[in-house]
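Just so you know, all these numbers are worked out from the coordinates, no wet-lab data involved. What you see is a predicted model, and the numbers here were worked out from it, not measured in a lab. All Cβ positions, glycine included, derive from the backbone under ideal geometry; neighbour counts span all protein chains shown.
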Amino acid sequence: MIIDDRMSELEAQLTTSALEEQAARFVQELIDSKFQGARSKHVQLLERWWCILRYHEKSQLARRLGKVLAKRIPAIGTERAFGEVRQEDLSVREGIDWQSFIKRQLKRNSLYDDSAVQRLADRRFRFLNHELDFGPQIDWKLTSRQGTPHLWRFHLHYHEFLLKFIRDGHFNQDGSLEAAWSIVEDWIQNCPIGDPASQSDAWHPFCISRRLPVWCMLWHFCPPNDALKSQILRSMYQQASFLAKNLEKDLGGNHLLENARGLAFAGAFFDEHVGNSFWQSASRILEDELPRQVLRHGEHFELSPMYHSLMLSAVLDVRDLSRSFDPQAFSVCDDASTAMLKFLESIVHPDGEIPLLSDSAFGESPSPSELKDRIAEGDKDVPNSDRTEASVIGQYWRWRDENDYILFDAGLAAPDHLPAHGHSDLLNLEASIGGYRLIVDSGVFDYEDSDMRNYCRSSRAHSVLQVDNEEQCDAWSKFRMGRRGKTSPLKSGVEHEFHWAAATHDAYRHLAVPELGRLVACRHGGPWIVLDWAKTSGEHSYVNRLHLAPEVRLGAQDNNGIDLQLPNMTLKLSLLGKGELSTSATWYCPEFGKRIARPMVEARFNGSSTCVTGWCIQKADCSQQVILESDSDDSPIVFISEQGRHTCWRPFDQL
């Protein structure tokens with residue numbers, strides 16, 4: 001038995017190693033292809049800058065230019081400009097139920113880490129699955145750690161790790177949080193406002209927006225000793241004042257809402273004499289931005305489930321802070337958060353977690369269940385999740401059949417003026433069956449200008465049809481996007497017991513392929529059908545991919561299909577129409593800094609005129625037979641045979 005166990009373990013290691021080699025090769029092929037394009041680098045650069053001028057709002061560009069010029073002008077009197085206030089004017093507002101607020105915050109699953117407090121005491125910091133040991137002194141500027149990822153540096157200055165001291169009840173014998181406040185004091189001493197080396201991280205508006213709420217909660221949970229109070233109050237005022245004068249309006253989006261959250265905390269923390277101006281600034285941002293950023297069906301306009309969850313949490317924070325003294329702000333935030341939760345509940349997988357569309361990863365935002373619990377603590381009833389079989393939610397189509405689930409994303413890659421978190425993933429999908437994830441997006445590994453960043457944003461990393469090895473959208477640098485495609489309005493209906501949805505995009509119009517489309521069709525008990533087509537008059541090469549969850553194991557394979565083994569069942573994945581079936585492996589990045597090799601199935605073919613290909617997914621014991629053919633004008637015909645009953649469906653008739 002011991003020998004059998006060791007042999008099984010060895011086989012698993014060999015399988016994992018082979019998958020990792022294939023995944024690494026897949027990324028390298030992507031990088032190599034970027035240097036084989038037909039267009040010159042100069043033409044590509046001009047096209048990219050033209051897209052920046054075309055798609056970005058003029059106010060964004062003007063503000064960005066202003067920031068660039070400001071960085072080149074030495075800061076004069078920075079201390080006076082942002083910190084001039086009499087110490088006796090800095091006092092704390094009364095009447096806000098901070099204890100209840102803090103208890104809700106401490107329910108965050110991400111705070112549950114039994115070893116975190118000891119690591120912090122040892123000056124070891126772990127963010128994004130990467131740990132640094134500073135020894136006796138924290139190097140806040142990371143001067144000895146050049147090359148540390150920018151997002152890691154931001155996490156260091158968020159100070160959200162200090163909440164772990166509260167969560168774990170790590171107090172001194174006198175009931176104080178001396179260890180946490182000593183880290184705060186160290187930061188104040190080593191990151192002064194006038195220090196140019198501290199501007200890019202410590203005093204970045206986004207870091208201030210995340211740090212101020214932590215200090216507010218620490219203060220109200222267990223205030224610092226009297227010797228530190230004046231120093232910390234002065235620093236908090238400086239930070240809030242700096243933030244108010246340096247709002248990230250050039251970026252907008254989630255950054256601006258985080259700015260509002262930071263100012264709201266400062267406004268609720270300081271008494272009316274000082275705090276009201278910060279609170280009013282936050283209220284103005286929310287009144288302007290929430291109607292703009294929360295779309296009609298409740299989704300956040302950056303179209304990332306992770307950022308949607310983060311922004312929902314931010315709106316809930318302001319709602320809870322405003323409960324006792326600003327009924328207008330409470331009402332605005334309450335309405336927005338209710339709509340946002342309803343959308344979030346509509347798109348979660350059966351396992352209760354978000355899909356990893358666009359820039360999304362687990363562990364960076366509160367879980368959907370945590371957010372639902374927070375809504376339930378408000379004055380409104382929790383919206384009931386729509387459990388019907390098929391639903392259209394904005395530009396998403398979702399199918400649920402108990403623990404079976406498909407989410408078809410027919411929306412844009414990102415807002416035109418804010419493509420930072422968008423991927424080249426038009427008409428993408430995710431799926432679960434029997435409660436287990438089956439088809440999954442690639443997630444996000446980092447925010448560096450790296451091979452993995454290029455991979456995660458590429459068309460190759462998503463379950464979409466790719467033409468001539470070209471990207472749907474020109475995602476470049478870390479957060480930019482040049483040429484991009486547009487999607488058509490989503491259509492849906494019911495035909496032959498199948499609920500279906502379809503949409504098209506024009507991302508390959510520059511290759512004389514004016515239309516690519518996808519249709520997803522499901523019915524109770526299966527099968528699931530995915531049809532992809534391209535309309536063109538020229539000859540092109542195509543690759544259609546499905547990226548599978550790491551838990552999926554590939555089974556028996558023939559020219560037309562392959563068995564997919566999940567922990568609780570076996571599925572049959574069949575190729576419909578054109579294509580040569582093959583398998584490989586790609587990276588799955590469920591968390592920042594973490595990548596797992598997982599299987600991928602692809603079909604390659606060449607074609608001209610209208611080309612149709614697709615997939616059929618059904619349980620291995622199902623008796624249906626699905627065949628895809630074309631009529632004289634290349635329109636697809638789907639034949640479904642089951643127990644002597646035959647169905648003929650022409651999908652294009654409904655489009």
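Assigning unit charges at the beta carbon (Lys, Arg +1; Asp, Glu -1) and nothing else, what dipole magnitude in debye, to the nearest 20, does the chain show about its Cα centre?
So the magnitude is around 1700 debye.
May I have the pair-distance distribution P(r) for segment 389-654, computed from all Cα-Cα distances with 10 Å bins from 0 and rounded to whole percent?
Result, from short to long distances: 7, 31, 39, 20, 3, 0 percent.
Expressed in nm to one decimal, what extension gain is obtained for the pair Thr148 and Leu554 from 0.36 nm per residue of sequence separation less their Cα-Cα distance?
Working it through step by step, the gained length comes to 142.4 nm.
What is the extension gain from His220 to Val85, computed as 0.36 nm multiplied by their sequence separation minus the C-alpha to C-alpha distance, in nm to one decimal?
46.4 nm
Once you place label points 7 Å from the Cα toward the Cβ at Gln118 and Glu21, how far apart are they in nm?
3.9 nm
Here are some pairs, Lys249/Lys594; Lys67/Lys486; Lys229/Lys372; Lys103/Lys372; Lys164/Lys478; Lys486/Lys594; which of them have Cα atoms lying more than 24 Å apart in this structure?
Beyond 24 Å between Cα atoms: Lys249/Lys594; Lys67/Lys486; Lys229/Lys372; Lys164/Lys478; Lys486/Lys594.
Quick one: 3J(HN,Hα) in Hz for segment 310-324, Karplus 6.51/-1.76/1.60 with θ = phi - 60°, rounded, Gly and Pro as x.
My calculation for segment 310-324 gives 4, 6, 4, 4, 5, 5, 5, 4, 5, 4, 5, 5, 7, 3, 8 Hz in order.
So if R0 is 41 Å, what FRET efficiency would His417 and Gln328 give, r being the distance between their Cβ atoms, rounded to the nearest 0.05?
0.90
Can you run phi through the Karplus equation (6.51, -1.76, 1.60; θ = phi - 60°) for segment 548-553 and list ³J(HN,Hα) in whole Hz, with x for Gly and Pro?
3J(HN,Hα) across segment 548-553, in whole Hz: 9, 5, x, 6, 7, 10.
Under a 5 Å amide H to amide H cut-off, with H placed in plane at 1.01 Å, what residues pair with Met481 once short-range neighbours are removed?
Trp476
From the phi of every residue in segment 491-499, what ³J(HN,Hα) in whole Hz does the Karplus formula 6.51 cos²θ - 1.76 cosθ + 1.60 yield, where θ is phi - 60° and glycine or proline is x?
10, 8, x, 10, 8, 6, 6, 8, 7
Could you tell me what fraction of 2.2 N^0.38 Å the Cα radius of gyration of the chain comes to, as a two-decimal ratio?
1.03
If you place +1 on the Cβ of every Lys and Arg, -1 on the Cβ of every Asp and Glu, and leave all else neutral, what size is the dipole of segment 432-516 about its Cα centre, to the nearest 20 Debye?
For this selection, approximately 240 debye.
Say each of Asn606 and Ser488 gets a label point 7 Å from the Cα, pointing the same way as Cα to Cβ; how far apart are those two points in nm?
2.8 nm
Between Asn276 and Ser623, with labels modelled 7 Å along Cα→Cβ, what's the label distance in nm to one decimal, could you check?
Result for the modelled spin labels: 7.8 nm.
Can you sort Val530, Val626, Val85 so the residue with the fewest Cβ neighbours within 10 Å comes first?
Result, fewest neighbours first: Val85, Val626, Val530.
Pull up all non-local amide H partners of Lys594: gap of 5 or more, or a different chain, and H-to-H distance under 5 Å with H placed in the peptide plane.
none
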